[in-house]
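The values are calculated or read from the model by the stated rules, or taken from the named source; none is laboratory data. The structure presented is a predicted model; accordingly, all values stated were derived computationally and were not measured. In this analysis, Cβ positions are derived from the backbone assuming ideal geometry, glycine residues included, and neighbour counts consider all displayed protein chains. The area values use the complete protein model at the heavy-atom level, side chains included, leaving out ligands, DNA and RNA. Shrake-Rupley method; radii C 1.70, N 1.55, O 1.52, S 1.80 Å.
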Amino acid sequence: MTDAPRTQRTLVLVKPDGVRRGLAGEVLRRIEAKGYTLVAVELRQADEALLTEHYAEHAGKPFLPPLVQMMASGPVLAIVAEGHRVIEGFRSLAGATDPTLAQPGTIRGDLARDWGRPVIENLVHGSDSPQSAAREIALWFPAL
Ligand code: DAT
Ligand code: MG
């Protein structure tokens, strides 16, 4: 099974909370089980500069400093996945940002919860548009 030629790529991150809890493999499993292709997979310790750039859209928001701190608290599994409509497809697999409200059946709905900390810990990041995906893939995997 292969995709039509004009396919799409997205950046997925298993955040440090997911890696710490041993859920990196479960996220990869769900991406593969859905039928998307893995293009790159790398365990990485991100620094503040990369994370501030990654979350540039959230500059000035009160949750940005704790978010960057949490994202730098341990390694992340950085993934590029490919397939027709994979950007919205992975967002759908991930579920809503707030893990308390994320639907059961989604990664966040099944596996994440709100711990009452300053930043929401919700296991995964997924690019939210073709523009974000291109920017984020260039940032995390400049060789691609
Ligand atoms: P998403 O990761 O669903 O694209 P986002 O881009 O709006 O969500 O926010 C990035 C991350 O920041 C999100 O995954 C969890 C955290 N976050 C978002 N809104 C928050 C808030 N109001 N308080 C605390 N953390 C928040
Ligand atoms: Mg986002």
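Here are the numbers for this structure:
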{"read-out": "Boolean, ALA46 is of a type outside the set (Asp, Glu), under 15 Å from the mean Cα position of the chain (by Cα), farther than 19 Å from ALA24 by Cβ and away from ligand 2 (no atom under 13 Å from the Cβ)", "value": "no"}
{"read-out": "Wholly within region 1-118, helices (runs of 4 or more DSSP H) carrying at least 3 residues that are open to solvent by 80 Å² or more (accessible area, probe 1.4 Å) and more than 20 Å from ALA138 (Cα to Cα)", "value": "24-34"}
{"read-out": "Some residue of region 111-134 being within 15 Å of ligand 2 (Cβ to nearest atom), basic (Lys, Arg) and at pLDDT 95 or above", "value": "no"}
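Okay, residues lined up against (1) over 22 Å from GLN131 (Cα atoms); (2) in contact with a helix residue (DSSP H, G or I) (Cβ under 7 Å, 6 or more places away or on another chain):
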| residue | (1), (2) |
| --- | --- |
| LEU28 | yes, no |
| THR37 | no, no |
| HIS54 | no, yes |
| PHE63 | yes, no |
